[in-house]
Amino acid sequence: MSEATSSQGNAAAGPSGAQQPRPTTPIENRAVTAARHESNKSTPRTIRSNGKYTKLTELRDEIAYHMDGEFVECPVEEFIQHYLPFEPTDKDLEDYITKATYTLGTPIESAAPPVTNATRPVRATTATMASSHPQRREDQILEWVGNDLRFVDYNELPVTPSEATTYRGLETIINAIGRAAVTAHTRNNFHYYACSDTPIRSETGGSNNRIDGCIISNDCFASQERKVDVRTTGIAVAFEFKLKSARTIENNLQVVSANVQLMNDDVRRKFTYGVTVVDEMVTLWYHGRSHSAVSEPFSFVKNPQLFIKTMMSFLFATDVELGYDPTITRLQDNRLVFTMTDEQGSLIHYRTVRGLSDYRSCNITGRMTRVWEVEKVSEPNETGNVLSRGVLKDVWLDESALTERQVQEAIFKAIEARSSTFKTNKVAQKLGPTIRKDLKNTLKKERYKKFFLTILADWQGELSKIVSPVAWRRHDLLLAEVVPETEGAEPLHSGVSVDRVTSNVPRETRLEQERTARKKVQERVFHPKRQYRVVFQELCVTVGHLPTLGEVMNLLNQTLGALRLLYFAGWVHRDLSTGNVMAYEHGGQAGWQAKLCDLEYAKQYSTTDNVPSGDPKMGTPYFMAVEILKNKPLLPADTTQASTAPVTAAAEPGEGEAREGKVVGGHGLGDGGEGKKSDGEDDDSEDDDSEDEDGEADAERDRQLISQYQSIARTKPIPTQQLKTVIHNFQHDVESLWWISLYTATARIEHSPSQQYAKKIFQHRTDLWDDRGECLLHSILDDLQTCLRQDVQKMATVLDVLRGHLVEQYHTINLERLKNGSADDTELFAEIHQQFYFAFQTQIEQNSKDYAAIALIQEKTGDKRFLPAPQRRKRARSVPRDDDDYRLESDDDEEDESGDEKAKRKVKGVKRAKNADKQAVGVEK
């Protein structure tokens, strides 16, 4: 339930919705001080922050870029019906208008003529009328002006020097509407408050938005001090005002930024609302986890009926209708209690102890993953007895997505099924004898379950709101310029309210033309999302918080074992990061046990599943595979020299097995460049001539791959579908582990050259930039030997060698895909698992003691020594098909991409460019 419904104060309606006497409003009780209206300034937009996080106002360009593609627009009548909490009946509206309209009656004498001043015509009032006219009551906010119904204070928009004075009268109007009678709805616990000089108070550092007004909980009003606590947990609807239409986009971005803050900070919010007013034009805003929506603008001066209807909906809605989750209770000490049901349908309660993962997002849609340490309690309050402890994860999933429990059960079922035919399993037989033996041992007595978290309970909520069936996409609300998503699409609206555009074309014709132009833009399906909670038994530490390099390397080596299990089961993880590779310490047992979590995006691998969905894929850009960032398969033509480091000696595998080779040459994996030698190997055999031969062999291998690719292109048309679709495969997961290793050796080491190098490679971007691509496609040995701290130098060679393996295998696998189409290629990924297995085994065996002494910087937002913490981020909307698979554009589309990139840079602005190396792009994990 919401904070409002849990209050024992003057709530008009409790959780049950029972009718109670209407309370005296806080607005009526408090003394309105003149100081609140003295300022003639527009809403201030800066405030001091504790500096823990980047200020939200400094991230507005990021919010604009990522939120602009999330909107649909619809006529205001449709918005009221589909998106508002409820639609008041026509009778309720008519009854209220009759009650709230002031009529003069028949005067004894003629009324005095209207009095004017230098700024605006002044409406004739009772002071200028004959004394026989009835006195206007305070709740009579309407009057007839000729044949038009108008607000008494807004026959027309007053001309004043500031937003605060121009829109001050809305406070009286909105709170008067709160005294209406609405069928089947009781007055709620919220009132309108004008707060043009007040920041939104938040427990999250950097949340420095200010708003011009809000519909806020009575609990935020302190009756004794006559003050209002404008805090995120009390705001139901945010308002923003601008006097000039030229500032429409600025106004839009301010209200969206405020709603981003509300959705980030208040866990109870499932959706939020906003209202913007530019001149006299009102736009209504809805923000949910699947999409956002806006209404077409309407004039609150010329159409007060629509404004009254909207405010009725807000002021008489239940907490649930306003977007508050009834299954979450906020306690007085700000702890939360989550109420779920067990398998028997009984209520169970989990009270938070502390937050474990709660990244701030620049976007409202998406998974919005949050994680807490919790205790199961007997009652949903501060004093409930503790029954057990665990970890609760709250996340939003696509309507059709499998839950963590369902994915985990499917993986376990696949492992068990393939274990029964282990001797004939093709994947198992492709792995070398050493790995095969290790895998077989892991499958015994369900030992494989040690790599996964134990699920104690889970729960699924209701679906989010679907998109209005008559809505259309809207892309230009937050950005001054928009690059159309389809070639030939007409430019979209500039962002100025359509009613205020100067044009000779009739309004209805112009609106229809704009709707037609908008519909030419390729549409992305906004799938409804479902809230999901899962409680795990194990309290773990992420690999990003392990204190030493030795612990990280040991854990990553175990994680490779978990990825081999997924490979054996035929599943890909698709979102490996330092946030979901977990370390669990068994009681009384030394060392860490690796565990994989965040399985919501895990998927069965299939080369025939080439139909991407329309919803965007979430991921962690720091660790995304290059093919995913590039949106293209890597082929030999992408680089003339995939690797300058030797790969492996040509140790002959058994029939049908991947190579189980040992690294040779001066590029060995061990200390001091010494390779791991086979029995009886002579130290003197490693000389410069052998290194040169290895280099020539590598170059010859690359020439053969390029020749093979060119031969395929000449002899037959390249299969369009096979070339265009990048299917997330097993090697992408392995590559993510490689990026985590590189990230640990550079960004997490207290060494300036290492961190400067890391800043070029690890950025919160979902396109492929030059430094990132070069890092994988070409040798980084010289770079690492230059930038790594002396005690970490041992990792330089192994990282470069594994990089070479990755590129070589991408070329091989993609060439096979071109030749064989959608034929199953699962067996081809055994080779990369083999190479990584022996590389990590060798590193740990030879360097474990040294690595154990190397301290790491913990991932911590705001630490000036450190890069911004890795965060999930959505892929750009320029390709509206990227969720399960990633498709490459044609050669013609390349030019569009570069143009799109220019537009992005232009939107981000000079300030963003200057701060690129030091600002985090806050995205919800």
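The values are calculated or read from the model by the stated rules, or taken from the named source; none is laboratory data. All values reported here derive from a predicted model rather than from experimental measurement. Virtual Cβ from ideal backbone geometry, glycine too; neighbours counted across all protein chains shown. Side chains are part of the model used for accessible areas, which takes the heavy atoms of the whole protein and leaves out ligands, DNA and RNA. Shrake-Rupley method; radii C 1.70, N 1.55, O 1.52, S 1.80 Å.
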When a/c is below 1.5 the answer is rounded, else prolate if a/b is larger than b/c, else oblate, so apply that to segment 160-277 with a ≥ b ≥ c taken from the square roots of the Cα gyration tensor eigenvalues. rounded
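What does the accessible area per residue of segment 563-605 come to in Å², with a 1.4 Å probe and no ligands, DNA or RNA counted? All intermediate terms of the calculation are to be shown ahead of the outcome.
On the way: 1150 Å² over 43 residues.
Accessible area per residue, segment 563-605: 27 Å².
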What length, rounded to one decimal in nm, is gained on full extension from residue 333 through to residue 139, with 0.36 nm per residue of separation minus their alpha-carbon distance? 66.0 nm
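Would you tally the net charge around residue 80, using a Cβ to Cβ cut-off of less than 9 Å, leaving residue 80 out, and scoring K and R as +1, D and E as -1?
Values: positive: 309; negative: 77, 78, 87.
Computed value for this residue: -2.
Leaving out ligands, DNA and RNA, and with a 1.4 Å probe, what % of the accessible surface on segment 135-256 is carbon or sulfur? Please report the intermediate quantities before stating the final value.
Numbers: 2060 of 4450 Å².
The value for segment 135-256 is 46 percent carbon and sulfur by accessible area.
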Segment 367-488, accessible surface, carbon-and-sulfur percent (1.4 angstrom probe): 49
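What's the carbon and sulfur percent of segment 773-830's accessible surface, probe 1.4 angstrom, rounded to a whole number? Let's see the in-between values first.
Numbers: 790 of 1860 Å².
Percent of accessible area from carbon and sulfur atoms in segment 773-830: 43.
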Nearest-10 value in Å² for the accessible area of residue 286, using the 1.4 Å probe: 10
Leaving out ligands and nucleic acids, and using a 1.4 Å probe, what accessible area per residue does segment 337-492 come to in Å²? 48
Taking Rh as the Kirkwood radius computed over C-alpha pairs, what is the Stokes-Einstein D of segment 287-357 at 20 °C in a medium of viscosity 1.002 mPa s, expressed in µm² per second? 133
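Rounded, prolate or oblate for segment 326-414? Axes are the square roots of the Cα gyration tensor eigenvalues, ordered a ≥ b ≥ c, and the cut-off for rounded is a/c under 1.5.
On the way: a/c = 2.03, a/b = 1.28, b/c = 1.59.
It comes out oblate by the Cα gyration axes.
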